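All remarks here apply to the structure that follows.
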Amino acid sequence: MTGARRKELQLAVALFLPAFLIMAVVTIYPLLRSFSISLRQWDLMRPELGQPFVGLDNYRFILTDPLFWDSVRVTAVFVVLAVSLEICLGLAIALMLNRPFHGRTAVRLMALLPWAVPSVVNGIMWKWILNPSYGALNGLLLQLGLIDQYVIWLGEPRMALLMVVWADVWKETSFIMLLFLAALQTIPHDLYEAATVDGAGTVGKFRHVTIPLIRPTLFVAVALRTIWALKSFDLIYTLTAGGPSNGTAVLGYYTYLKSFVALQMGRGAAAAYIMTFVVLVVVYFYQRAIYRGVEY
């Protein structure tokens, strides 16, 4: 190895090492430590037991817990409804905002405002809007004559889950819209003109020009929103606290209950790793589905 090559290698290592050490401290070590905890009986309510190694017993307990499977069902419904609505609405809004019209910049800025609201604030805001006694939604619907008495929106499990989905859609659709809008602006206008010459209509141009060219962005949007929805916690905690009757207790909230309410850190860590595995599997199949038939 020449002296110049050795100096380049030393410089590369010097530049890479700080970032690696930071990632090791904030990512790799917590991952390994939490996995170690998931293999131990770490119960803060019974410190006299110590932290004995129990292998996969925590995972076995989680996978045989009926509350875990209830949270899986709730999470699946929440993810499918929220992500589907956000992708469809985000793409539709992006298509509209990609067209020239007067005041487009101001409308784009306003469309991004919900995304700027922190999730905790979003949950508290919707809890006030949906309040059965003085909520803004009941007041508006009553004024419009659509209801004749106030509705307890968060009093029934299915209705509460739908309201949580809507609160999530209201906030996160802006982010999806931003991704799609950026992707749409990279599509050359010449392609649409060529498609028009070939006799393609609006639907044809959307299917054969727009969708293929925004496919990478579509994958990113679906994958990110699925990951965030699967680990959703703060909105659930502030809006419904998992109720009523565990009707909105998603996997993230179930993990919180095990770790910080029951103080069973081993089982909570095991639930978190199961949730991580679910996320990886779902994203893998998303990628297979979206890029099916595409050559790399």
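Between the beta carbons of GLU193 and ALA92, assuming R0 = 30 Å, the FRET efficiency works out to 0.85 to the nearest 0.05.
Given the chain, what count of lysine pairs have C-alpha atoms under 30 Å apart, with each pair 8 or more places apart or on different chains?
Values: LYS127/LYS171; LYS127/LYS231; LYS127/LYS258; LYS171/LYS205; LYS171/LYS231; LYS171/LYS258; LYS231/LYS258.
Going through the chain pair by pair, I get 7.
Close amide H partners of ARG40, meaning residues 5 or more places away or on another chain with modelled amide H under 5 Å apart, are VAL54. If you run the Gaussian network model on the chain, springs between alpha carbon atoms under 10 Å, then out of LEU239, LEU112, LEU230 the most flexible one is LEU112.
In deg cm²/dmol, rounded to 500, what helix-only [θ] at 222 nm does the chain give when every DSSP H run of at least 4 residues adds -39500 (n - 2.57) and the total is split over its residues? Walk me through the intermediate numbers first.
Values: 14 runs with 197 residues, N = 296.
Result for the chain: -21500 deg cm²/dmol, rounded to the nearest 500.
Remark: spin-label model distance ILE124-ALA76 equals 3.6 nm, labels positioned 7 Å along the Cα→Cβ axis.
Evaluate 2.2 N^0.38 Å with N set to the residue count of the chain, then give the Cα radius of gyration divided by it.
Working: Rg = 24.2 Å, N = 296, 2.2 N^0.38 = 19.1 Å.
Normalised Rg, Cα atoms only: 1.26.
Projecting label points 7 angstrom from Cα along Cα→Cβ for ALA241 and THR186 puts them 4.6 nm apart.
Placing +1 on each Lys and Arg Cβ and -1 on each Asp and Glu Cβ, with no other charges, gives segment 39-293 a dipole about its Cα centre of roughly 360 debye. Per residue, the accessible area of the chain comes to 60 Å² when a 1.4 Å probe rolls over the protein heavy atoms.
What ranking do 33-39, 276-282 get when scored by the average of other Cβ atoms within 10 Å per residue, highest first?
Listed from highest to lowest mean packing, they are 33-39, 276-282.
When the inverse distances between all different Cα atoms of segment 1-87 are averaged and flipped, the Kirkwood radius reads 17.8 angstrom. Using a Gaussian network model of the chain in which every pair of alpha carbons under 10 angstrom is joined by a spring, one finds that among PHE53, PHE101, PHE260 the greatest mean-square fluctuation is at PHE101. Working from Cα pairs under 8 Å separated by at least six residues, relative contact order for the chain is 28 percent.
Which FRET efficiency value, to the nearest 0.05, is calculated for ALA106 and LEU146 with the Förster distance at 30 angstrom and r the Cβ-Cβ distance? That gives a FRET efficiency of 0.50.
As a calculated quantity, the FRET efficiency between TYR284 and PHE53 at R0 = 22 Å, using C-beta atoms, amounts to about 0.10.
The values are calculated or read from the model by the stated rules, or taken from the named source; none is laboratory data. Predicted model, so just to flag it, every value in this text is computed and none were measured. Note: ideal-geometry Cβ built from the backbone for every residue, glycine included; neighbour counts use all protein chains shown. Side chains included, ligands, DNA and RNA excluded: accessible areas come from the protein's heavy atoms. Shrake-Rupley method; radii C 1.70, N 1.55, O 1.52, S 1.80 Å.
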